[in-house]
Structures are given as C-alpha cells and as structure tokens.
Amino acid sequence: MADIDFQIIFEGFNEGQSPLAHLDSETFIGNKGQASEMKADVISSPGFITQSPELADLTDGNQDGVVDQLIRHILDRPTAANVTFAIGTTKLFKLSSTESVIRLKANLYGFFNRAADGEILKMPLATEVIDHVWGSDTDEALENAPHPVAVKEDVMVFGNGRYVGVYVEGLAALNVKKLDFGEGSEVVDVVFHSNIWWIAVNYGEGKKGQVYLYDGSAISTILSDEAGVGDQKIGFLYVLNGIVYIAYNDTSSTGFTIGWLSGRQIKPLRYFSGSLPDHRQKALYKNTILFASSVNVWSMGASVEQLPLQISTLADGGHATIGGIAAPFGTPMVASSDGGSNHRLAKFSGYSVDSNWKSVFVDITSGRMLGKVHTIIVSTKILVGSARCDLKIEGNQGAIESSEFEISTAGKTRHVFKSIDLKAVEDMRLILNYANGDATNACPIRKVVALGNFIER
C-alpha cells in the first residue's frame, strides 16, 4: 500500500458558498474552497478564511442608551466629518464615527410614517433645527408606505406608495405624486444611473415586479422605458461599477436572487435562502454589496476585480429583526430589534466566535475502494496569542465524524495532525469551528490538505 493514494486540497476560500448551498446544505456541487454552510469572513483577506466580524454596540447604541426603537434607515454618506444621521419609527438620530433619510445639498430630509399617513421632515445641516411637517406644509402628506429615496445634484426622487414624488431644489416645488403607477402598486426602490432614474415597482402585494426608467431631469410625467421582472417581487436596486443590480424573489418558491439589469432583461447571478432584503438593507463594503437577510448580514461580489464573484454569510445581524444597514464611515453599522424592548445599533468590531465553515462534500472512492484519511495539514498565517480554530471531518454525508483537532500553536503557519480517527468512507467534508477562538486574535486559514489511502470494503 502506498503511503499516500490521494490528497484533497481545500483552498480558494474567497469563492464563498457553493452555488447550490441555498438548496442543499450537504451538497457535492462546487469547488473544494466553497462552502455548503458558513458564517465566516472570506473577503477581508482574499484566499483566507477567518472569523466573522463581531458586532459592538455604538456608544448609547441600545435601549439602555438612546436607541429605544428599531432604526429603519441609516444615511450611507457622512454629512460632515464623522457625522451622519439615521431615522427610526419616531426619532431622528445623529450618529458619529444612521423610513429613509437623505441629504440634498445643505439640507437633510427624513421620510417616516405616522398612524394613517406619511411625512417628510427637513433639517438644515447648519442649524440642525427640524421642521417635522415640511412635506405636508409644502405639498401634502405622504402615503403610509415605504419611502425609498435617491438624489442627483439638486433633484430628489422618492417612492410614495403607488406614486413617485419629486423635488427639484430652486426649480420645481415638491410634488409627492409626480408619477402614478396605479392601484395596487408600490414603489420599492429608486436609484440614479447613466442620467436615468431607475424605479422599481411591485404590483398586487409583490406578486409582480417592474423596473421603469425615468428622465434624469425628473420634469416630465412620461416614462422612458421599462424592464419586466415577471411574477417576482423586487427587494432593492443597487448601482456598483456601472451595473444596476437587483434583488428579487419568485413568489412561488423560497429564497431570492440577485441579478443585474441588461436592457430589458434580468441576468441572475446568485441565489439565496432567507428573507428578501429591501431598500434600507444594502451597503458597499470592501467592494462587495452588503445586505441583510433573515438574521444575518451577507456579502456578494469580489473584493478584487480579478477574483471570481462570491456570496457568503459574513456576520450575525444582532437581534432577530434587522432594520437598516450602512457603512458611512467605512465600517458597517447594523440596526436590529428583538420585537420587544431590546434594540441596538452596532458596528463591525473584532472577531466573532460564533463563526463556522463547512466545505462541500467530496467523493473519495476509487472503484470498489473507500478512502481513509490519515493526515490533515493546515496552512495559516502566523498565529499569535489565543488564536484558535477547531477542525473535524464528516464522512458518508454526515453520518459519522472524526474528533476535533485544535489549530492554535502560536508562531506557526503549518499544523499537522495524524492518526485521524475516521474509518474508511465514501465521501468527506471539512468543518471549521471558531467557538473556542479569540475575539482579538484571528486564526486565518489559507489551505487544508487531507492525505489518505484507498481501502477495499
């Protein structure tokens, strides 16, 4: 018998999850660096896998401070050095180093709902004196609905239920019903790209979605073009590197898709399980689109253009209900609530020990023979302090597993484990667990090699 009949190399972790991970958590489909399940960071150091970012509450960023309600939307650009704003159910929050809130030249505009209708507040950034009924005093009250909003130079375009509202500073008065998409419709997002406003509209309780194109001056009441999504609900639009991305779901199935708009077509890119994110739950982070789904924060894209596009569950979202997310100062902020009295606004800080990664299953048979792994070699960055990750192997589609092996030796980059206590199996999956890891010192893993022999059974 040869010392080594086969070797399986797990590397290229920057590729994120398997394309079928949303359908099968024990999939065989994908490269050996792709995950069947995960909550880990594969974008901060491309090629390495390490712990998810931990969430740390901002100063006074929970119910014991000033955050006594779910923050709905966070302004994703600073209004001054180390200053931005966020809006909750009934309050405007001023944040340093968070419904919709937007800056148009020297003023901040906040969109919020009341019991029976909606409203727009206006606050000059120089004085920070709030006129909380500016919208209804200037034109009329809004619908009680989502209010996605975008600006370009002196033009502000926003969703208002079945309507699109427009305000052109210094040229046209506020008109909260500039465009009417008809009974049963709801404007769910607005972005500006290529001198055109892109307006996403859902019809019939989200059973059909449509994207409309509107002239950049926002003066006309005639639409330029449209792209049909079909019997699918739209969550958000996002512009990155000259491409308009779209999140949408098929109401006949679970989960959702992120694709991109090409003319009148939508080209799907990746598929996800979980809840459909909306216009408040998207941000840019390390050149990838960050978004919230169910209880987690996800990443989609490539941190470097030359790398393949990845999707990954990057971090926990905090409490069970996630509100707005944004990265106005570069570090993502996440608002969440437990639906009761507990609320928080937190930012990425340090490393989470609630992190894990499971590879796709890999067939290790050869004809009539099964594979017996006898050695595991792990390559890491130089470990320091209490950095640690625990490793084990599952076999036969998860029916059996090995003992855990501790990757923790400080000062080393190569960690060798022999006498693996897993009998000969048909397939194997690598599992990395950071439960015993460290919140300050990470354990970044570059490559794992499994060596073994074939045994006839």
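The values are calculated or read from the model by the stated rules, or taken from the named source; none is laboratory data. Because the structure is predicted, anything quoted here is derived from the model rather than measured. Cβ atoms come from the backbone with ideal geometry, glycine included; neighbour counts cover every protein chain shown.
Can you tell me which of K282, K267 is part of a strand (DSSP E or B), over 13 Å from the mean Cα position of the chain (by Cα), over 17 Å from A21 (Cβ atoms) and charged (D, E, K, R)? Write out each step before concluding.
Numbers: K282 fails: over 13 Å from the mean Cα position of the chain (by Cα).
Only one candidate qualifies: K267.
Pick out the one residue from P328, P308 that is of a type outside the set (S, T, Y), assigned to a loop (DSSP other than H, G, I, E, B) and within 29 Å of A145 (Cβ to Cβ). So that I can check it myself, show each step before the final result.
On the way: P308 fails: within 29 Å of A145 (Cβ to Cβ).
Of the residues listed, the single one that is of a type outside the set (S, T, Y), assigned to a loop (DSSP other than H, G, I, E, B) and within 29 Å of A145 (Cβ to Cβ) is P328.
Please tell me if A145 is assigned by TED's automatic domain parsing to the domain that holds G324, closer than 26 Å to I196 by Cβ, in a strand (DSSP E or B) and hydrophobic (A, V, I, L, M, F, W, C).
Values: assigned by TED's automatic domain parsing to the domain that holds G324: yes; closer than 26 Å to I196 by Cβ: yes; in a strand (DSSP E or B): no; hydrophobic (A, V, I, L, M, F, W, C): yes.
When the stated conditions are applied, A145 does not pass them.
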Verdict on G33 being in contact with an Asp or Glu (Cβ under 9 Å, 6 or more places away or on another chain), small (G, A, S) and buried (at least 16 other Cβ atoms within 10 Å of the Cβ): yes
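May I ask you to say which residue of F6, F13 is under 21 Å from the mean Cα position of the chain (by Cα) and closer than 30 Å to F454 by Cα? Walk me through it before giving the result.
Working: F6 fails: under 21 Å from the mean Cα position of the chain (by Cα).
Answer to the check: F13.
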Answer from E119, E140 - the residue that is surrounded by fewer than 18 Cβ atoms within 10 Å (Cβ to Cβ) and in the same structural domain as K91 (by TED's automatic domain parsing): E140
Residue satisfying all of: in the range 295-317; more than 10 Å from the chain's Cα centre (by Cα) and of a type outside the set (A, V, I, L, M); nearest to V191 (Cα to Cα) among these: G301
Qualifying residue in the range 50-62 (condition: assigned to a loop (DSSP other than H, G, I, E, B) and over 18 Å from S349 (Cα atoms)): no
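Conditions (1) over 28 Å from G274 (Cβ atoms); (2) in contact with a strand residue (DSSP E or B) (Cβ under 6 Å, 6 or more places away or on another chain); (3) modelled with pLDDT under 95; (4) surrounded by fewer than 20 Cβ atoms within 10 Å (Cβ to Cβ), marked per residue:
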| position | (1), (2), (3), (4) |
| --- | --- |
| V129 | yes, no, no, yes |
| M156 | yes, yes, no, no |
| V176 | yes, yes, no, no |
| D189 | no, yes, no, no |
| D225 | yes, yes, yes, yes |
| F236 | no, yes, no, no |
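Residue by residue through the range 117-136, note down the ones that are part of a loop (DSSP other than H, G, I, E, B) and closer than 18 Å to G159 by Cβ. Show your work before the answer.
First, pick out the residues of the range 117-136 that are part of a loop (DSSP other than H, G, I, E, B): 117, 125-130, 132-133.
Answer for the range 117-136, where residues must be part of a loop (DSSP other than H, G, I, E, B) and closer than 18 Å to G159 by Cβ: just D117.
Report yes if G330 is within 20 Å of the chain's Cα centre (by Cα), of a type in the set (G, A, S), surrounded by fewer than 24 Cβ atoms within 10 Å (Cβ to Cβ) and farther than 23 Å from T27 by Cα, otherwise no.
Details: within 20 Å of the chain's Cα centre (by Cα): yes; of a type in the set (G, A, S): yes; surrounded by fewer than 24 Cβ atoms within 10 Å (Cβ to Cβ): yes; farther than 23 Å from T27 by Cα: yes.
It is true that G330 is within 20 Å of the chain's Cα centre (by Cα), of a type in the set (G, A, S), surrounded by fewer than 24 Cβ atoms within 10 Å (Cβ to Cβ) and farther than 23 Å from T27 by Cα.
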